[in-house]
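Laboratory data are not the source of any read-out in this text; all were calculated from the coordinates shown. Small disclaimer: the values here were computed from a predicted structure and weren't measured. Here Cβ is always computed from backbone atoms with ideal geometry, including for glycine, and neighbour counts include all displayed protein chains.
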Ligand code: GLY
């Protein structure tokens, strides 16, 4: 909001927003402190997109604090959309991005517990940030450490344009969280934006994307949640399970609410 008030760009705002949980060790599904894969390595995925169809993404990045900023550099400094793994890390090194040991003691302990009991609760939350600046430009960012205890090499929806995030300057923006395999199968964020293009409200568009997930995976009741904002600033959200928190920051103040949800068809 400080950036917004100072006339900052939507792109700067969403990047800065995503960097907050990326730095927060208490958030165990994004950035530093994220839960590792089965081999004990934390790998990060992120993407960013502006109102002009410019986008950048990184996936399977290890040892860097801010994948969202690396994704932005991919967008701005290359003619690629996505860099993966060792290539993304070499790119980050060349651009002098800050390195960071991502595995915290708490995350290490959680992995040990999981290895003993093979039970892990809700473990694949993600940060999706949508921003509209004073000039009316819209942008989005998405960042995650992915599914906890995943197979090494696994990449979910979050860095995939159209799955974890989609922005169209003529329509609006959407981001997703939840089970990446389900969201990427239906290209959920793209669905939300296309539904808004057809005149659906952000709330209704998110509910339609959740329905697509339910139809594709009726028996696998994992979280799949979407948040959306139109280019006019109308926002909405919908989830498959309870507990999807949406935070709204605007000139009226900051509020948090639980999105509506649809558990089954
Ligand atoms: N939605 C985050 C993931 O499944 O990787």
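A few notes on this one:
- Spin-label model, residue 95 to residue 249: label points 7 Å out along the Cα-to-beta-carbon direction sit 2.2 nm apart.
- Highest GNM mean-square fluctuation among 200, 137, 116, for the chain modelled with Cα contacts below 10 Å: 116.
- Percentage relative contact order, the chain, counting C-alpha pairs under 8 Å, at least six apart: 17
- When the P(r) of the stretch 19-168 is calculated, the portion above 18 Å amounts to 52% of the C-alpha pairs.
- For the stretch 1-86, the share of DSSP beta bridges that are antiparallel, to the nearest 5, is 60%.
- Here 195, 53, 3 are placed in order of increasing Cβ neighbour count within 10 Å, fewest first, which gives 53, 3, 195.
- Convex hull volume of the stretch 160-260 per residue (C-alpha atoms, cubic angstrom): 83
- For the stretch 1-80, projected area of the alpha-carbon convex hull averaged over all directions, nm²: 6.0
- For the stretch 25-55 versus the stretch 172-220, the gap between their alpha-carbon centres in whole angstrom: 20
- Using a cutoff of 8 angstrom between alpha carbon atoms and counting only pairs six or more residues apart, the relative contact order for the stretch 146-205 works out to 30 percent.
- The stretch between residue 219 and residue 109 holds 36.5 nm of extra length on full extension. This uses 0.36 nm per residue minus the Cα-Cα distance.
- Residue 116 versus residue 258: modelled label distance in nm, points set 7 Å from Cα along the beta carbon direction: 3.1
- For the chain, alpha-carbon Rg over 2.2 N^0.38 Å: 0.94
- The stretch 19-78: relative contact order in percent, alpha carbon pairs under 8 Å with at least 6 residues between: 27
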